[in-house]
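Reading through the C-alpha coordinates given below for one structure.
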Amino acid sequence: MKKKRVLIKFSGEALAGEQGFGIDTHILKFIANEIKTISNAGVEIGIVIGGGNIIRGVSAAKDGIIKRTSGDHMGMLSTVINSIAMQEALESCGISVRVQSAIAMEAFCETYIMRRAQRHLEKNRVVIFAAGTGNPFFTTDTAAVLRAIEISADMIIKATKVDGVYDKDPAKFSDAKRYDTLSYETALQDNIKVMDDTAIALAKDNKLPIIVCNMFKEGNILKIMNDDFSNCSIVKN
Ligand code: UDP
(Lines give C-alpha, C1' and ligand atoms only; values in the text may rest on other atoms or scores of the structure.)
Protein backbone atom coordinates (compact mmCIF):
# COMPACT_ATOMS: atom_id res chain seq x y z
CA MET A 1 0.00 0.00 0.00
CA LYS A 2 1.35 3.44 -0.95
CA LYS A 3 1.93 5.52 2.20
CA LYS A 4 -1.22 7.52 2.84
CA ARG A 5 -2.39 10.26 5.13
CA VAL A 6 -6.14 10.64 5.57
CA LEU A 7 -8.60 12.67 7.52
CA ILE A 8 -11.72 10.79 8.56
CA LYS A 9 -14.84 12.74 9.46
CA PHE A 10 -17.55 11.10 11.59
CA SER A 11 -20.75 12.86 12.49
CA GLY A 12 -21.61 13.01 16.16
CA GLU A 13 -24.93 11.36 15.35
CA ALA A 14 -23.09 8.26 14.18
CA LEU A 15 -21.77 7.77 17.71
CA ALA A 16 -25.26 7.87 19.20
CA GLY A 17 -26.41 4.70 17.43
CA GLU A 18 -29.98 3.53 18.01
CA GLN A 19 -30.33 5.55 21.21
CA GLY A 20 -30.23 8.78 19.15
CA PHE A 21 -28.35 10.77 21.80
CA GLY A 22 -25.00 10.58 23.56
CA ILE A 23 -22.40 7.93 22.94
CA ASP A 24 -22.98 4.25 22.23
CA THR A 25 -19.76 2.58 23.39
CA HIS A 26 -20.32 -0.41 21.08
CA ILE A 27 -20.17 1.95 18.12
CA LEU A 28 -17.04 3.59 19.53
CA LYS A 29 -15.42 0.18 19.77
CA PHE A 30 -16.43 -0.76 16.22
CA ILE A 31 -14.99 2.49 14.82
CA ALA A 32 -11.82 2.09 16.89
CA ASN A 33 -11.27 -1.37 15.41
CA GLU A 34 -11.77 -0.07 11.87
CA ILE A 35 -9.23 2.68 12.57
CA LYS A 36 -6.82 0.16 14.07
CA THR A 37 -6.86 -1.90 10.88
CA ILE A 38 -5.74 1.01 8.73
CA SER A 39 -3.34 2.33 11.34
CA ASN A 40 -1.64 -1.08 11.45
CA ALA A 41 -1.38 -0.91 7.66
CA GLY A 42 0.72 2.24 8.08
CA VAL A 43 -1.87 4.89 7.22
CA GLU A 44 -1.43 8.23 8.99
CA ILE A 45 -4.79 9.20 10.40
CA GLY A 46 -6.44 12.42 11.48
CA ILE A 47 -10.00 12.35 12.79
CA VAL A 48 -12.71 14.96 13.20
CA ILE A 49 -15.90 14.03 15.05
CA GLY A 50 -19.02 16.21 15.02
CA GLY A 51 -21.13 17.05 18.04
CA GLY A 52 -24.66 16.52 16.75
CA ASN A 53 -25.28 13.65 19.18
CA ILE A 54 -25.05 16.15 22.03
CA ILE A 55 -25.78 19.69 20.86
CA ARG A 56 -25.82 21.78 17.69
CA GLY A 57 -25.69 25.57 17.87
CA VAL A 58 -28.65 26.09 15.53
CA SER A 59 -30.93 23.81 17.55
CA ALA A 60 -29.76 25.18 20.90
CA ALA A 61 -30.60 28.71 19.74
CA LYS A 62 -33.95 27.95 18.13
CA ASP A 63 -36.22 29.50 20.81
CA GLY A 64 -34.03 32.58 21.36
CA ILE A 65 -33.04 31.90 24.98
CA ILE A 66 -29.52 30.81 24.03
CA LYS A 67 -27.67 33.02 21.52
CA ARG A 68 -26.39 31.30 18.37
CA THR A 69 -22.79 32.09 19.25
CA SER A 70 -23.18 30.51 22.70
CA GLY A 71 -25.00 27.57 21.15
CA ASP A 72 -22.07 27.10 18.79
CA HIS A 73 -19.64 27.24 21.72
CA MET A 74 -21.70 24.48 23.34
CA GLY A 75 -21.61 22.55 20.06
CA MET A 76 -17.83 22.83 19.89
CA LEU A 77 -17.57 21.56 23.46
CA SER A 78 -19.68 18.55 22.41
CA THR A 79 -17.03 17.66 19.85
CA VAL A 80 -14.43 17.68 22.64
CA ILE A 81 -16.55 15.22 24.66
CA ASN A 82 -16.79 12.92 21.63
CA SER A 83 -13.07 13.26 20.90
CA ILE A 84 -12.12 12.27 24.44
CA ALA A 85 -14.42 9.24 24.20
CA MET A 86 -12.87 8.23 20.87
CA GLN A 87 -9.38 8.68 22.31
CA GLU A 88 -10.25 6.18 25.05
CA ALA A 89 -11.66 3.66 22.57
CA LEU A 90 -8.60 3.91 20.33
CA GLU A 91 -6.18 3.64 23.25
CA SER A 92 -7.98 0.54 24.48
CA CYS A 93 -7.15 -0.97 21.07
CA GLY A 94 -3.48 -0.19 21.64
CA ILE A 95 -3.34 2.83 19.33
CA SER A 96 -1.35 5.90 20.25
CA VAL A 97 -3.61 8.98 20.11
CA ARG A 98 -3.53 12.70 20.74
CA VAL A 99 -6.52 15.01 20.95
CA GLN A 100 -5.81 18.55 19.80
CA SER A 101 -8.46 21.18 20.47
CA ALA A 102 -8.90 24.39 18.47
CA ILE A 103 -9.79 26.05 21.80
CA ALA A 104 -7.22 25.80 24.58
CA MET A 105 -8.29 23.27 27.20
CA GLU A 106 -4.98 22.20 28.56
CA ALA A 107 -6.26 20.07 31.43
CA PHE A 108 -8.00 17.80 28.90
CA CYS A 109 -5.93 17.81 25.75
CA GLU A 110 -3.35 19.57 23.63
CA THR A 111 -4.14 22.81 21.86
CA TYR A 112 -4.10 22.57 18.06
CA ILE A 113 -0.69 23.35 16.62
CA MET A 114 -0.34 22.35 12.98
CA ARG A 115 3.33 21.38 13.06
CA ARG A 116 2.88 19.43 16.25
CA ALA A 117 -0.06 17.55 14.71
CA GLN A 118 2.09 16.71 11.70
CA ARG A 119 4.83 15.39 13.97
CA HIS A 120 2.33 13.14 15.76
CA LEU A 121 1.11 11.80 12.42
CA GLU A 122 4.67 11.08 11.28
CA LYS A 123 5.09 9.05 14.47
CA ASN A 124 1.96 7.07 13.57
CA ARG A 125 -0.13 8.63 16.31
CA VAL A 126 -3.75 9.18 15.45
CA VAL A 127 -4.65 12.86 15.91
CA ILE A 128 -8.23 13.78 16.80
CA PHE A 129 -8.99 17.40 16.00
CA ALA A 130 -11.56 18.69 18.49
CA ALA A 131 -13.59 21.90 18.90
CA GLY A 132 -14.16 22.37 15.17
CA THR A 133 -12.50 25.44 13.72
CA GLY A 134 -12.75 27.18 17.09
CA ASN A 135 -15.21 29.69 15.59
CA PRO A 136 -19.00 29.89 15.70
CA PHE A 137 -21.06 29.71 12.46
CA PHE A 138 -18.94 26.88 11.11
CA THR A 139 -19.50 23.13 11.09
CA THR A 140 -17.24 20.21 11.77
CA ASP A 141 -17.42 19.35 8.04
CA THR A 142 -15.61 22.60 7.34
CA ALA A 143 -13.24 21.99 10.24
CA ALA A 144 -12.48 18.54 8.82
CA VAL A 145 -11.67 19.88 5.34
CA LEU A 146 -9.57 22.67 6.87
CA ARG A 147 -7.52 20.26 8.98
CA ALA A 148 -7.19 17.82 6.07
CA ILE A 149 -5.67 20.59 3.95
CA GLU A 150 -3.42 21.79 6.77
CA ILE A 151 -1.97 18.31 7.34
CA SER A 152 -1.72 17.70 3.55
CA ALA A 153 -4.02 14.69 3.67
CA ASP A 154 -4.40 12.73 0.43
CA MET A 155 -8.16 12.65 0.90
CA ILE A 156 -10.97 13.25 3.34
CA ILE A 157 -13.25 10.34 4.13
CA LYS A 158 -16.75 11.33 5.09
CA ALA A 159 -17.91 8.29 7.04
CA THR A 160 -21.69 7.94 6.88
CA LYS A 161 -24.45 5.34 7.17
CA VAL A 162 -24.83 5.04 3.37
CA ASP A 163 -22.38 3.73 0.82
CA GLY A 164 -22.00 6.95 -1.13
CA VAL A 165 -23.90 9.77 -2.79
CA TYR A 166 -27.20 9.03 -4.57
CA ASP A 167 -29.21 11.05 -7.09
CA LYS A 168 -32.22 10.61 -4.78
CA ASP A 169 -32.89 9.15 -1.37
CA PRO A 170 -32.11 5.41 -1.62
CA ALA A 171 -34.31 4.76 1.43
CA LYS A 172 -37.35 6.15 -0.45
CA PHE A 173 -36.62 5.38 -4.12
CA SER A 174 -35.66 1.89 -5.28
CA ASP A 175 -34.31 3.30 -8.59
CA ALA A 176 -31.91 5.70 -6.81
CA LYS A 177 -28.48 5.61 -8.47
CA ARG A 178 -25.19 5.95 -6.67
CA TYR A 179 -22.56 8.23 -8.17
CA ASP A 180 -19.14 6.60 -8.51
CA THR A 181 -17.70 10.07 -8.93
CA LEU A 182 -19.16 13.55 -9.07
CA SER A 183 -17.61 16.98 -9.40
CA TYR A 184 -17.51 19.61 -6.69
CA GLU A 185 -19.58 21.83 -9.03
CA THR A 186 -22.34 19.21 -9.31
CA ALA A 187 -22.40 18.78 -5.55
CA LEU A 188 -22.68 22.54 -5.07
CA GLN A 189 -25.06 23.38 -7.95
CA ASP A 190 -27.42 20.45 -7.40
CA ASN A 191 -27.34 21.08 -3.66
CA ILE A 192 -26.18 17.52 -2.97
CA LYS A 193 -25.33 17.77 0.68
CA VAL A 194 -22.23 15.61 0.71
CA MET A 195 -20.95 18.19 3.17
CA ASP A 196 -22.04 21.78 3.73
CA ASP A 197 -21.27 24.27 0.94
CA THR A 198 -18.40 25.97 2.77
CA ALA A 199 -16.66 22.62 3.25
CA ILE A 200 -17.17 21.57 -0.40
CA ALA A 201 -15.94 24.94 -1.68
CA LEU A 202 -12.82 24.72 0.48
CA ALA A 203 -12.15 21.17 -0.73
CA LYS A 204 -12.66 22.32 -4.34
CA ASP A 205 -10.25 25.25 -4.02
CA ASN A 206 -7.61 22.93 -2.62
CA LYS A 207 -8.34 19.90 -4.85
CA LEU A 208 -9.00 17.68 -1.85
CA PRO A 209 -10.95 14.56 -2.87
CA ILE A 210 -13.95 13.79 -0.66
CA ILE A 211 -14.71 10.08 -0.32
CA VAL A 212 -18.19 9.26 0.96
CA CYS A 213 -18.52 5.75 2.35
CA ASN A 214 -20.46 3.58 4.74
CA MET A 215 -18.45 3.30 7.90
CA PHE A 216 -20.70 0.61 9.36
CA LYS A 217 -19.54 -2.00 6.85
CA GLU A 218 -16.53 -3.76 8.29
CA GLY A 219 -13.41 -3.37 6.18
CA ASN A 220 -14.78 -0.53 4.03
CA ILE A 221 -12.21 2.04 5.06
CA LEU A 222 -9.38 -0.46 4.57
CA LYS A 223 -10.67 -1.13 1.04
CA ILE A 224 -10.43 2.57 0.24
CA MET A 225 -6.88 2.62 1.59
CA ASN A 226 -6.14 -0.20 -0.88
CA ASP A 227 -7.48 2.03 -3.69
CA ASP A 228 -10.69 0.02 -4.04
CA PHE A 229 -13.37 2.68 -4.41
CA SER A 230 -16.12 0.29 -5.55
CA ASN A 231 -18.26 0.83 -2.44
CA CYS A 232 -18.18 4.59 -2.17
CA SER A 233 -18.55 7.88 -4.06
CA ILE A 234 -15.72 10.30 -4.81
CA VAL A 235 -16.21 14.04 -5.10
CA LYS A 236 -13.38 15.58 -7.11
CA ASN A 237 -12.69 17.89 -10.07
N1 UDP B 1 -19.39 24.19 15.66
C2 UDP B 1 -18.95 25.50 15.56
N3 UDP B 1 -17.82 25.77 14.85
C4 UDP B 1 -17.09 24.81 14.24
C5 UDP B 1 -17.56 23.47 14.31
C6 UDP B 1 -18.70 23.18 15.03
O7 UDP B 1 -19.58 26.42 16.10
O8 UDP B 1 -16.06 25.12 13.63
C9 UDP B 1 -20.57 23.89 16.49
C10 UDP B 1 -21.88 24.10 15.77
O11 UDP B 1 -22.83 24.58 16.71
C12 UDP B 1 -22.25 22.70 15.33
C13 UDP B 1 -21.76 21.88 16.50
O14 UDP B 1 -20.55 22.52 16.88
O15 UDP B 1 -23.63 22.53 15.13
C16 UDP B 1 -21.54 20.42 16.25
O17 UDP B 1 -20.91 20.23 15.01
P18 UDP B 1 -21.66 19.61 13.73
O19 UDP B 1 -23.06 20.14 13.67
O20 UDP B 1 -20.79 19.87 12.56
O21 UDP B 1 -21.67 18.08 14.12
P22 UDP B 1 -22.18 16.80 13.29
O23 UDP B 1 -23.40 17.21 12.51
O24 UDP B 1 -21.08 16.39 12.37
O25 UDP B 1 -22.46 15.78 14.34
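The values are calculated or read from the model by the stated rules, or taken from the named source; none is laboratory data. All values reported here derive from a predicted model rather than from experimental measurement. Here Cβ is always computed from backbone atoms with ideal geometry, including for glycine, and neighbour counts include all displayed protein chains. Note: areas computed on protein heavy atoms with side chains; ligands, DNA, RNA excluded. Shrake-Rupley method; radii C 1.70, N 1.55, O 1.52, S 1.80 Å.
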Notebook entry, point to check: Where nothing but the Cβ of Lys and Arg (+1) and of Asp and Glu (-1) is charged, how large is the charge dipole of the chain around its Cα centre, in debye to the nearest 20?
Noted result: 480 debye
Next item on the list: Return P(r) of region 14-66 (all Cα-Cα pairs; 5 Å bins starting at 0; whole %; ordered from short to long distances).
Entry: 4, 17, 17, 18, 14, 12, 7, 5, 3, 1
Check: So for the chain, what percent of the C-alpha to C-alpha distances run longer than 22 Å?
Finding: 50 percent
Check: Where both partners of a DSSP beta bridge lie in the chain, what percent of those bridges are antiparallel, to the nearest 5?
Finding: 15 percent
Notebook entry, point to check: Under the Kirkwood approximation applied to all pairs of distinct alpha-carbon atoms, what is the hydrodynamic radius of region 102-237 in Å?
Noted result: 16.1 Å
Note to self: Just the number please: accessible area per residue for region 100-235, 1.4 Å probe, all protein chains included, in Å².
What the structure shows: 49 Å²
Next item on the list: Taking a cut-off of 22 Å between Cα atoms, list the lysines near LYS29, but don't count ones fewer than 8 places away on the same chain.
Entry: LYS9, LYS158, LYS161, LYS217, LYS223
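What do you get for GluC sites (Glu not before Pro) in region 143-226 restricted to DSSP loop and a cutoff of at most 11 other Cβ within 10 Å of the site's Cβ?
When the GluC sites (Glu not before Pro) of region 143-226 are filtered for loop state and at most 11 Cβ neighbours within 10 Å, GLU218 remain.
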Notebook entry, point to check: What does the charge add up to near ALA159, with Lys and Arg as +1, Asp and Glu as -1, over the other residues with Cβ less than 10 Å from its Cβ?
Noted result: +2
Check: Which value, in nm² and rounded to one decimal, describes the direction-averaged projected area of the C-alpha convex hull of region 44-97?
Finding: 4.0 nm²
Checklist line | Whole-angstrom Cα spans of region 129-194 along principal axes, big to small | finding: 41, 25, 23
Checklist line | Positive-end extreme of charge dipole, the chain - chosen from GLN87, MET114, HIS26 (charges on Cβ) | finding: MET114
Next item on the list: For ASN226 and CYS93, compute 0.36 nm times the residue count separating them, minus their Cα-Cα distance, and round to one decimal in nm.
Entry: 45.7 nm
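Sort largest first and round to whole Å: the equivalent ellipsoid semi-axes of region 1-95, each the square root of five times a Cα gyration tensor eigenvalue.
Each semi-axis is √(5λ); the values are 29, 14, 10 Å.
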Check: Counting Lys and Arg as +1 and Asp and Glu as -1, what is the net charge of the other residues whose Cβ lies under 11 Å from the Cβ of ASN53?
Finding: -1
Next item on the list: Give me the number: length gained by fully extending ARG115 to LYS207, i.e. 0.36 nm times residue separation minus the C-alpha to C-alpha distance, one decimal in nm.
Entry: 31.0 nm
Notebook entry, point to check: Using helices alone, what [θ] at 222 nm do you get for the chain, with -39,500 (n - 2.57) per DSSP H run of 4 or more residues, divided over all residues and rounded to the nearest 500?
Noted result: -11500 deg cm²/dmol
Margin query: Past the 14 angstrom mark, what percentage of all C-alpha to C-alpha distances in region 176-237 do you count?
Written below: 55 percent
Next item on the list: Roll a 1.4 angstrom probe over the protein heavy atoms and tell me the percent of accessible area of the chain that is carbon or sulfur.
Entry: 51 percent
Checklist line | Segment ASP197-ALA171, length gained on full extension (0.36 nm per residue, minus Cα span) | finding: 7.0 nm
